[in-house]
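Trainee: Got a structure for you, questions after.
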Amino acid sequence: MAGRLYSKEAYDAPLKKDEKPSADLAMDNYLTFACRHKFCREICPVHQITRNESHTPYGFNTALLSVNQGISKFEELGDTFTHCLQCGACEIRCPNTLFMADFYKTALTTVELVRKVRSDLVREGIGYPGSDNVQKEIDAHLVTIEKQKDMLAWAGDLGLQIGGESSVVLYVSRFTATQVSETARAAAKLLMSGGVKFAIMDGVSAGIGEALDVAKEDLFKDLARKDIEKLTKMKAELVVVVDPHDYFFFKRDYKRILGEIPFKVVFVTDILWELIERGKLKPTKMIQKKIAFHDPCTLNKLTNVWQSPRNILRAIPGVEFMDEDHVDQWYYCCGNGVSTFKKVRPEIAATIGERRIRKAKDLGAETLALACPHCWDHFTEVKTNTRLEIELLNVVELLAQSVGV
Amino acid sequence: MVEGVIKRNGRYEVNPAIMKKVEKSIIKGMSEEDVKTVIVLRNEYLRWMHDNFAKKIIKPPKNNQ
């Protein structure tokens, strides 16, 4: 199981120019092509905008099958395969995945298929629309993680233990550390207030899923390995993750690619809710707001975490929580996507974001509570461009306000 | 009644018990944790279907009749 870049062996062989995709891959593609349920279509936030069936797993698998059949060329796949958020909605809505063994004897693995095709296009020197922007993001990541001062600036005057041994470690990667540092600060203050003794790392390297979309799998592995080795050296037993994209990588990708991880990984809202339940954190300050909650795809769809943010919002006095069922939210996304989508399809990303904010406003919400720094970043941009009025705030920051830290 | 079908709340549905089996050929490459997650998601989805659709029958619009 460990050491596998992709779950399915059929994805292993790289696709090449003027070469027929393997029979195994064609069979896997055929099983989705032959499936006429198409539940993957309506649930897809991209298809909800473009109404183009090519932009669904059905379309992706059909396009690949057509390459195998000699109907189209590998070089032509770029446009189709950039129309995916990698949100995972189709995977969990697909009856072939949900009801294993009942239908076509296969599970949908769209996130991995899209990564594979994008990377193979780059490896063959073809690329895809916007792949240069993805590379720029990776370059920026690599420059920033070398600047320890910038990476640790968020911790500022909090007096946290940096490096050294600690059984609990708060994991704050580049995006949160440098773009949405208030969330990281609120998380640290709440853990301290809850009596948790923890340290932070003297530098975090990983957190760039984009690498898997541009044939830089080795870079993805190396950065992840570096962090896991550092955490192991710190004697970490519990790693608290603030960015749900990192949580997804730890729970799904690192395990599959690098093997079992020698510590437990928990998402920040899960541990904060546990502290509330144990009476260690007491949200007492009234926050009189009408609040809706947006489920990040990497939590709700890809790792099945949706309860703790809701529990926290319900525990804050004064909050009028307008809950939207987490299964309803399988249909939603902020528009950013899990890695490259916003960089390759910015206009569709903006439309998806606007649509999501309008849904919250239609409920009468004044605040859209979030649990992901990437959602916050994208919604903020959408809000600015559309002039839609709604407050965007991470659940962790809302809790910090109510606890008074 | 067709094998594998039960009656619940006055309506027919596939017996959830037969969906407990997991065929090994499908889960090849999936970790145990991923399989468990899929099973949880399946139950959440079925709960959602019942909450939203199982208690009413939507009739076609009159002009279609």
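Trainee: What is the percent of Cα-Cα separations in the range A:182-321 that go past 21 Å?
Mentor: Percentage above 21 Å: 49.
Trainee: Could you tally the net charge around A:Ala400, taking each other residue with its Cβ under 12 Å from the Cβ of A:Ala400, Lys/Arg +1 and Asp/Glu -1?
Mentor: On the way: positive: A:Arg185, A:Lys189, A:Lys285; negative: A:Glu182, A:Glu397.
Result for the local shell: +1.
Trainee: Which of rounded, prolate or oblate describes the range A:168-209 when judged by the alpha-carbon gyration tensor and an a/c cut-off of 1.5?
Mentor: Since a/c reaches 1.5 but b/c is at least a/b, the shape of the range A:168-209 is classed as oblate.
Trainee: Turning to a different aspect of this structure: Can you bin the range A:81-225 into rounded, prolate or oblate? Criterion: square roots of the alpha carbon gyration tensor eigenvalues sorted a ≥ b ≥ c, rounded for a/c under 1.5, prolate for a/b above b/c, oblate for the rest.
Mentor: Verdict is oblate for the range A:81-225.
Trainee: What lysines could a cross-link reach from A:Lys343, if we take a straight Cα to Cα line under 19 Å and drop same-chain neighbours fewer than 8 places away?
Mentor: A:Lys343 reaches A:Lys116, A:Lys136, A:Lys216, A:Lys383.
Trainee: Taking the Cα centre of the range A:64-126 as origin and charging only Cβ (+1 Lys, Arg; -1 Asp, Glu), how large is the dipole, in debye to the nearest 20?
Mentor: Charge dipole, the range A:64-126, about its Cα centre: 120 debye, nearest 20.
Trainee: Now, a different point. Which of the trypsin sites (Lys or Arg not before Pro) found in the range A:233-294 are in a DSSP loop and have at most 10 neighbouring Cβ atoms, other than their own, within 10 Å?
Mentor: Taking the range A:233-294 and a limit of 10 other Cβ atoms within 10 Å, the loop trypsin sites (Lys or Arg not before Pro) found are A:Arg278.
Trainee: Sticking with this one: Based solely on its DSSP helices, what 222 nm [θ] is calculated for chain A when runs of n ≥ 4 H residues each add -39,500 (n - 2.57) and the sum is averaged over all residues, nearest 500 deg cm²/dmol?
Mentor: The helix-only estimate for chain A comes to -13500 deg cm²/dmol at 222 nm.
Trainee: Considering only the other residues whose Cβ falls under 14 Å of the Cβ of A:Lys264, what net charge follows from Lys and Arg at +1 and Asp and Glu at -1?
Mentor: Every neighbour counted, the sum reads -2.
Trainee: Could you size up the charge dipole of the protein assembly as shown around its Cα centre, putting +1 on the beta carbon of Lys and Arg and -1 on that of Asp and Glu, and report it in debye to the nearest 20?
Mentor: 1340
Trainee: Considering amide H positions built from the backbone, and no H for Pro or chain starts, which residues 5 or more places from A:Leu392, or on another chain, come under 5 Å of its amide H?
Mentor: Residues meeting the criterion, in which the H sits 1.01 Å from N, are A:Leu368.
Trainee: When the solvent-accessible surface of protein heavy atoms is calculated with a 1.4 angstrom probe, in what order do A:Met151, A:Met27, A:Met322 fall, highest first?
Mentor: On the way: A:Met151 10, A:Met27 110, A:Met322 35 Å².
Putting A:Met151, A:Met27, A:Met322 in descending order of accessible area: A:Met27, A:Met322, A:Met151.
Trainee: Given charges of +1 on the Cβ of Lys and Arg and -1 on the Cβ of Asp and Glu, with all other atoms neutral, how large is the dipole of the range A:285-405 about its Cα centre, in debye to the nearest 20?
Mentor: For this selection, approximately 160 debye.
Trainee: To two decimal places, what compactness ratio does the range A:262-405 give when its Cα radius of gyration is scaled by 2.2 N^0.38 Å?
Mentor: 1.04
Trainee: May I pose another question? Remind me, relative contact order of chain A in percent, using alpha carbon pairs under 8 angstrom and six or more residues apart?
Mentor: The value is 17 percent.
Trainee: Relative to the compact globular guide of 2.2 N^0.38 Å, what is the alpha carbon radius of gyration of the range A:1-135, as a ratio?
Mentor: The range A:1-135 yields a ratio of 1.00.
Trainee: Now, a different point. I want to check the label-to-label distance for A:Ser167 and A:Asp150. Put each point 7 Å from Cα in the C-beta direction and report it in nm to one decimal.
Mentor: Output for this residue pair reads 3.7 nm.
Trainee: When the expected Rg is taken as 2.2 N^0.38 Å, what fraction or multiple of it is the alpha-carbon Rg of the range A:46-109?
Mentor: Details: Rg = 12.8 Å, N = 64, 2.2 N^0.38 = 10.7 Å.
So the range A:46-109 has a normalised radius of gyration of 1.20.
Trainee: Buried by at least 50 Å² relative to the chain on its own: which residues of the range A:55-102 qualify, computing accessible area with a 1.4 Å probe on protein heavy atoms?
Mentor: The answer is A:Leu98, A:Phe99, A:Met100, A:Ala101.
Trainee: Counting pairs of Cα atoms in chain A, how many percent are more than 38 Å apart?
Mentor: Looking at chain A, the distances longer than 38 Å represent 20 percent of pairs.
Trainee: Placing +1 on the Cβ of each Lys and Arg and -1 on the Cβ of each Asp and Glu in the range A:316-369, which of A:Cys333, A:Met322, A:Ala365 has its Cα farthest towards the positive end of the resulting dipole?
Mentor: A:Cys333
Trainee: In straight Cα distance, which aspartates and glutamates are under 18 Å from A:Lys8, not counting same-chain residues fewer than 8 positions off?
Mentor: List returned: A:Asp24, A:Asp28, A:Glu91, A:Glu112, A:Asp120, A:Asp213, A:Glu217, A:Asp253, B:Glu23, B:Glu32, B:Glu33, B:Asp34.
Trainee: B plus A alone minus the pair: what accessible area, both sides summed, probe 1.4 Å, in Å² to 100? Could you put the intermediate results ahead of the total?
Mentor: Details: alone 6180 and 16710 Å², together 20600 Å².
By this definition, chains B and A bury close to 2300 Å².
Trainee: Whole number in Å², please: accessible area per residue of the range A:212-305, 1.4 Å probe, ligands, DNA and RNA not counted.
Mentor: Details: 3670 Å² over 94 residues.
Ligands and nucleic acids excluded, the result is 39 Å² per residue.
Trainee: Next question. Computed over the Cα atoms of the range A:350-405, what is the ratio Rg over Rh, Rh following Kirkwood?
Mentor: My calculation of the ratio gives 1.00.
The values are calculated or read from the model by the stated rules, or taken from the named source; none is laboratory data. For clarity, every value in this text was computed on a predicted model and none was experimentally measured. Note that each Cβ is placed from the backbone with ideal geometry, even for glycine, and that neighbours are counted across all protein chains shown. Only protein heavy atoms, including side chains, enter the accessible area calculation; ligands, DNA and RNA are left aside. Shrake-Rupley method; radii C 1.70, N 1.55, O 1.52, S 1.80 Å.
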